[in-house]
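Contents: one structure, followed by commentary.
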Amino acid sequence: MISKKIVRRFSLLMLTEGEYYFQDYGGYFFLSDNILSRSRVDNSAANTSGPKSDEDLGPISDRKRLKGRFHVASSSVIFEPDEIRYPVYKIPLDVKSNPRSYWPSGSRSKYLIVNASKFVEIKENNNDHPYRFQRGTFTFVFSLTYAKLSAVVTQIKQLSDLMVKQRPERDHHLNQLIQKRESSISFEISWLVDYSERPQHDNGQAVLVSVITPLIESPGRVMVTDKRLYIQHFNNVSTEPLDKYELCMIASLVKRRYAMRDKALEVVFRSSKRQDSAEAVSLANFSFLSNNSLYLNFKDKITRDTVYRLILEQKEVNIAGNDMEELVLRMQKLWHEKKISNYEYLLYVNHAAGRSFNDITQYPVFPWIIQDYESRSLKLNDPKTFRDLSKPI
């Protein structure tokens, strides 16, 4: 019998802004009638009253059992069923969540119980539909495989207890939990592609970093060797445990700002290893057009500058000039010679100004030059077609 491939629907984009992703576990969700009824189109008459106590849950083994992944984040837990006809269930954590373990009498199984006054349904049938918010009184029952239930309960309880604290105190305690977790995760040297590679860091340890993509900040560690650049993410959402980039594919390194702080680095990669001419070298720095770059945010400027220096010192790195002013002049020349389009040139100007496709707060912008939006066709020789650029927008 051929096993059906499981479609993973969970994404870090399902987290709220600033929410930290901790870990996931394999497990089962035991679907109750009142949760299932809320998923129907007409749920106005659905029963939203939950059990008064755990003993009122009834025989859990009689419920519909959904196999999937149980995700833990800083302000919610998310269950992702393997069966795509069921939605992904996101359960916000608050003071009423009361996460706990439950061992029914006469049962060999222990369960994780989480209360909720609301939950969110996402990507039912793997479709991108508006989030469905369901409100009422709900009791979610899970069982986890290959996980110590007491440790998971303790972790979720710590997170739910933080929800009652004031924002500064909550952030302080949450940062302590995050730092404790991240300090316990070391870089796996055994995952290097070539056993002869030599780590270039002074203490041989990878440094903390966050990989920035639009709306997502993924923490991890970065390791520079004499041949490659490695990123080990702290979350296990990715199918690969380690992101690998060959140093010979780096076209340019650009120091960046992130959240108004000068401590980020953008690594732009070539689309091809071939460099047949000086023009090809110039255009190699244009790989960001296809979003072929890596945006890294470090804990401070010193760490960023150290990684920047380590990369440039490697023999595998072949960057034909990393001076931004020189590169801008080179692009201007290509633009004047009509070897690149207006669109490409303006994107490069954005790139030189510190903008990137990876940072949503510094996304590339384009000048507004047209003012005629009524004509069916534009008369490019008519000055009235264009905005008066001497005046602000």
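The values are calculated or read from the model by the stated rules, or taken from the named source; none is laboratory data. Here the structure is a predicted model, which is why all the values come from computation and not from measurement. We place every Cβ from the backbone using ideal geometry, glycine too, and count neighbours over all the protein chains shown. Surface accessibility is based on the protein's heavy atoms, side chains included, excluding ligands, DNA and RNA. Shrake-Rupley method; radii C 1.70, N 1.55, O 1.52, S 1.80 Å.
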May I ask you to compute the full-extension gain from Thr303 to Glu326, defined as 0.36 nm times their residue separation minus their alpha-carbon distance, rounded to one decimal in nm?
5.7 nm
Candidate cut points under GluC sites (Glu not before Pro) in the stretch 321-393, DSSP loop plus at most 12 other Cβ atoms within 10 Å of their own Cβ, are Glu337, Glu374
Take Gln205 and Ser341, extend 7 Å from each Cα along the Cα→Cβ direction, and tell me the distance between the two endpoints in nm.
4.9
Averaged per residue, what accessible surface does the chain expose to a 1.4 Å probe, in Å²?
58
Rg(Cα)/(2.2 N^0.38 Å) for the stretch 207-248, N = residue count:
1.16
Working from the alpha-carbon coordinates of the stretch 292-335, get Rg over Rh, Rh being the Kirkwood radius.
1.06
Treating cross-link reach as a plain straight distance, find the aspartates and glutamates whose alpha-carbon is under 14 Å from the alpha-carbon of Lys123, omitting any fewer than eight places away in the same chain.
Glu80, Asp82, Glu83
Taking the 0 to 90 degree range and rounding to the nearest ten, how far is the long axis of helix 342-352 tilted relative to the main principal axis of the chain, both from C-alpha atoms?
70
In the chain, carbon and sulfur make up what percent of the accessible area (probe 1.4 Å)?
51
Give the average over all directions of the projected area of the C-alpha convex hull of the stretch 73-133, one decimal, in nm².
5.4
Antiparallel as a % of all DSSP beta bridges within the chain, to the nearest 5?
100
Would you mind working out the magnitude of the charge dipole of the stretch 58-205 relative to its Cα centre, with +1 at each Lys and Arg C-beta and -1 at each Asp and Glu C-beta, to the nearest 20 Debye?
860
Excluding Ile302 itself, calculate the net charge of residues whose Cβ lies under 12 Å from the Cβ of Ile302, where each Lys or Arg counts +1 and each Asp or Glu counts -1.
+2
For all pairs of alpha-carbon atoms in the chain, what percent lies in each bin of width 10 Å, listed from the first bin to the last filled one?
4, 18, 23, 21, 17, 12, 5, 1, 0
Mind putting together the pair-distance distribution for the stretch 290-393? All Cα pairs, 10 Å bins, whole percent per bin, short to long.
11, 27, 34, 16, 8, 3
Cα-based Rg (one decimal) and Dmax (whole number) for the stretch 159-231, in Å?
16.3, 51
So how do 122-135, 89-102 stack up, highest first, on mean other-Cβ count within 10 Å?
89-102, 122-135
Of all C-alpha pairs within the stretch 88-227, those more than 28 angstrom apart amount in percent to 43
Qualifying trypsin sites (Lys or Arg not before Pro) for the stretch 187-279 [loop in DSSP, other Cβ within 10 Å: at most 15]:
Lys273, Arg274
Go ahead and estimate [θ] at 222 nm for the chain from helices alone: -39,500 (n - 2.57) per DSSP H run with n ≥ 4, summed, over the residue count, rounded to 500.
-6000 deg cm²/dmol
Between Thr145 and Asn381, what is the spin-label point distance in nm, taking each point 7 Å from the Cα along the Cα→C-beta axis?
7.3
Could you work out the local net charge near Ala264, counting Lys and Arg as +1, Asp and Glu as -1, over the other residues with Cβ closer than 15 Å to its Cβ?
+3
Give me the Kirkwood hydrodynamic radius of the stretch 332-392 in Å, from all C-alpha pairs, to one decimal place?
13.8
Ranked order, Ser109, Ser271 - accessible area, probe 1.4 Å, largest first
Ser271, Ser109
How far is helix 301-312 tilted off the main Cα axis of the chain, in degrees rounded to 10, range 0 to 90?
60
Would you mind checking Lys5/Lys227; Lys67/Lys165; Lys67/Lys90; Lys4/Lys148; Lys67/Lys180; Lys165/Lys255 for any pair whose Cα atoms are more than 26 angstrom apart?
Lys5/Lys227; Lys67/Lys165; Lys4/Lys148; Lys67/Lys180; Lys165/Lys255
Most fluctuating residue of Asp54, Asp300, Asp202 in a GNM of the chain with Cα springs under 10 Å: which is it?
Asp202
